[in-house]
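The structure under discussion appears below in the form of structure tokens.
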Amino acid sequence: MATLLPPRETAAPPVRAVESRDPATGEVWRRFTAPSALDVVAAVERAREAQVAWAGRSVAERARVLTRFREVLYARRQEVAQVVSRENGKPPSEALMAEVFVALEYAQYYAALAPKRLRPHVEKTRTMGTMLKTVTVEYHPHGVVGVIAPWNYPFQLAAGAILPALVAGNAVVLKPSEFTPTSGVLLGELLTEAGLPADTCVVVPGDGATGAALVQAGVNRVHFTGSVATGRKVAAACGALLIPCALELGGSDAAIIFADADLKRAARGLAWGRFSNAGQTCVAPKRILVERAAFEGFAAAFAAEVRALTVAAATAEGAEVGPLIRPEAAATIEGQFAEAIAGGAKVLARAPVPAGAGFFPPTVLTDVTPEMRVMREETFGPLVPLVAVADEAEAIAIANGSDFGLSASVWTRDVTRGRRVASQLLAGTVAVNDAVLVAGMSNVPHGGVKASGMGRSHGELGLMECVEPRAVVTDKMTSARQPWWFRYGREHDRTADAFVTALHAPSWLARLRALPRMVRALRGSGT
Ligand code: NAD
């Protein structure tokens, strides 16, 4: 009798839970059991089966589901904003703008773009040598896309990865962050309500192990958003499996303020950019570089903005800056702050905070040095250094002297100069006289260079990452055989030279002389 293998489930990791918690109070208000690695494989298999029928629908039909999703999301907008706020800690009105509004924009944009952009594309004949061939490029879905999402914008970032993947004909398995599972589950529910067929988007609330299992579970592509450390692991796993992945990772974005900038506007824009979402935004300005002539003026205006911030639980009236996602998150930011102070940095301004473990006061530092962690690492909380720079060249050098390259901003009344400097900054997106918003503009390709990641989300490029182009080259078969096929010999040598000469000789006369032989060969009258 054959020996039975023990049940495969025994190899699965022990049961783990992920929780939706209110970051301000620590109250757990929903709990999920993280799936085993086998459950994740099963989820991918379900998605794979569903994907076949989904890909069989026209792009226009799939786009209509996005349009219905937009209607459903709009109708349930306040509920979504409340859930995200309760789970992530940002004020509900911020959740409405930064999560719901942005997701509505993605749905509208991709529903309109996909039917046009994913239409098979006919390439024009390039030279006479290939004029009897037609080239059509088709855009096919990858299959099942694994989307691994972070907690800081749990709804819109997941939607920004999922909607283009779906409209392109993929099925999706979403692994939301262990800190924000309900936002992911709600997104899945809304898609179902919008008419997305069962299992076309499967949500697996789980932890890091669930994310690692998803990468290994047979997905055809991974869209990962999160930290550099995890991104490296995901990239290595995808590399070993030879599956494509997009990595949207961290940043240490520079904001450059020139002396001619509208300093008040820059102070307001950068206070919002740096401290909204409690400073936990990938594309937040994290190093503010100010031209020396404007340093005092900007510092005073910025300090006034920061001191006036209302730091409070999301439920409090007028709350602007909420708590960090978890009290433990404060340890990193406090470590970066303490190291800077020990090295001689000064506190220019701090906003008052309520009592409670989850709050870190919005803080502005001066007198920092390039070696300090606040200048070298990502500061993922409400802490920012101001640095005086001599001129444009120094500003660009400091901005680019970072391991990261996610986004950046330039503030000046001289828009021509702003554009010129923007072009020299090593970053995926650069805003002139604005910050952060670019990451939520549906038509703007978003992504980073250097340690900030690879690949692009959003915009047309984000859609095209969701497809595998397939070039179909059709020959009109006017000849019995092609001149470059076998029957090598002297005649073949002459024909080959006629091709090269007719198409590439510098002398037009030589080209003309070689042409008849080439045409004869193409029509099949050559040997
Ligand atoms: P994280 O790397 O800790 O987690 C991100 C996701 O990866 C979570 O869902 C987590 O469960 C999962 N995960 C953990 N270990 C894994 C593994 N081994 N394999 C697969 N998945 C795994 O990041 P976070 O704390 O959730 O997010 C904050 C970071 O994300 C910051 O650095 C921020 O800058 C970055 N971020 C980048 C962008 C962007 O668009 N570039 C957007 C938002 C956040």
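The values are calculated or read from the model by the stated rules, or taken from the named source; none is laboratory data. As the structure is a computational prediction, the values presented were derived from the model and not from experiment. Quick reminder, even Gly has a Cβ in these numbers, built from the backbone with ideal geometry, and neighbours come from all protein chains shown. Ligands, DNA and RNA are stripped out before the accessible areas are found, and what is left, the full protein with its side chains, is counted by its heavy atoms. Shrake-Rupley method; radii C 1.70, N 1.55, O 1.52, S 1.80 Å.
Do we have any residue at all in the range 245-266 that's within 14 Å of the ligand (Cβ to nearest atom), out of contact with any strand residue (DSSP E or B) (no Cβ under 6 Å at 6 or more places or on another chain), without any contact (Cβ under 8 Å) to a residue 40 or more places away in the chain and outside any strand (DSSP E or B)? Please lay out each step first, then the result.
First pass over the range 245-266, keeping only residues within 14 Å of the ligand (Cβ to nearest atom): 245-253.
With out of contact with any strand residue (DSSP E or B) (no Cβ under 6 Å at 6 or more places or on another chain) added as a condition, the list becomes 250.
Adding the requirement that they be without any contact (Cβ under 8 Å) to a residue 40 or more places away in the chain leaves none.
Scanning the range 245-266 turns up no residue that is within 14 Å of the ligand (Cβ to nearest atom), out of contact with any strand residue (DSSP E or B) (no Cβ under 6 Å at 6 or more places or on another chain), without any contact (Cβ under 8 Å) to a residue 40 or more places away in the chain and outside any strand (DSSP E or B).
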query: If you take the residues in the range 426-478 that are part of a loop (DSSP other than H, G, I, E, B) and among the polar types (S, T, N, Q), which one is farthest from ALA112 (Cα to Cα)?
result: THR478
query: Given VAL102, VAL135, VAL83, VAL122, which one is over 20 Å from the mean Cα position of the chain (by Cα), aliphatic (A, V, I, L, M) and not in a strand (DSSP E or B)?
result: VAL83
- prompt: Are any of the residues in the range 234-244 under 25 Å from GLY56 (Cβ atoms) and crowded, with 24+ Cβ neighbours inside 10 Å?
  reply: no
field: Unique residue being modelled with pLDDT under 95 and not aromatic (Phe, Trp, Tyr) when the list is ALA331, ALA342, ALA351, ALA388
entry: ALA331
- line: Restricting attention to the range 1-23, the residues that are out of contact with any Leu (no Cβ under 9 Å at 6 or more places or on another chain) and modelled with pLDDT of 95 or more number exactly 5
field: Residue list for the range 163-192, restricted to those being within 14 Å of the ligand (Cβ to nearest atom) and assigned to a helix (DSSP H, G or I)
entry: PRO181, THR182, SER183, GLY184, VAL185, LEU187
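For every residue, the table says whether it meets (1) within 16 Å of the ligand (Cβ to nearest atom); (2) modelled with pLDDT of 95 or more; (3) among the polar types (S, T, N, Q); (4) in contact with a Pro (Cβ under 7 Å, 6 or more places away or on another chain).
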| site | (1), (2), (3), (4) |
| --- | --- |
| VAL421 | no, yes, no, no |
| ASP434 | no, yes, no, no |
| VAL438 | yes, no, no, no |
| VAL444 | yes, yes, no, no |
| LEU461 | yes, yes, no, yes |
| ASP475 | no, no, no, no |
| THR501 | no, yes, yes, no |
| MET518 | no, no, no, no |
task: Could you please let me know if ALA209 is near the ligand (Cβ under 9 Å from one of its atoms), surrounded by fewer than 19 Cβ atoms within 10 Å (Cβ to Cβ) and either touching a residue at least 60 places away in the same chain (Cβ under 8 Å) or not assigned by TED's automatic domain parsing to the domain that holds GLU49 (or both)?
output: yes
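Per-residue answers, yes or no, for (1) in contact with a helix residue (DSSP H, G or I) (Cβ under 6 Å, 6 or more places away or on another chain); (2) open to solvent by less than 40 Å² (accessible area, probe 1.4 Å):
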| position | (1), (2) |
| --- | --- |
| ASP262 | no, no |
| GLN280 | no, yes |
| LYS286 | no, yes |
| ALA299 | no, yes |
| VAL321 | yes, yes |
| LYS346 | no, no |
| PRO354 | no, no |
| PHE360 | yes, yes |
| ARG373 | yes, no |
- request: Please tell me if VAL222 is outside any helix (DSSP H, G or I), more than 29 Å from VAL28 (Cβ to Cβ), more than 12 Å from the ligand (Cβ to nearest atom) and in contact (Cβ under 8 Å) with a residue 12 or more places away in the chain.
  value: no
message: Of the conditions (1) more than 21 Å from MET131 (Cβ to Cβ); (2) open to solvent by less than 40 Å² (accessible area, probe 1.4 Å), LEU509 satisfies every one except a single condition; which number is it?
response: (2)
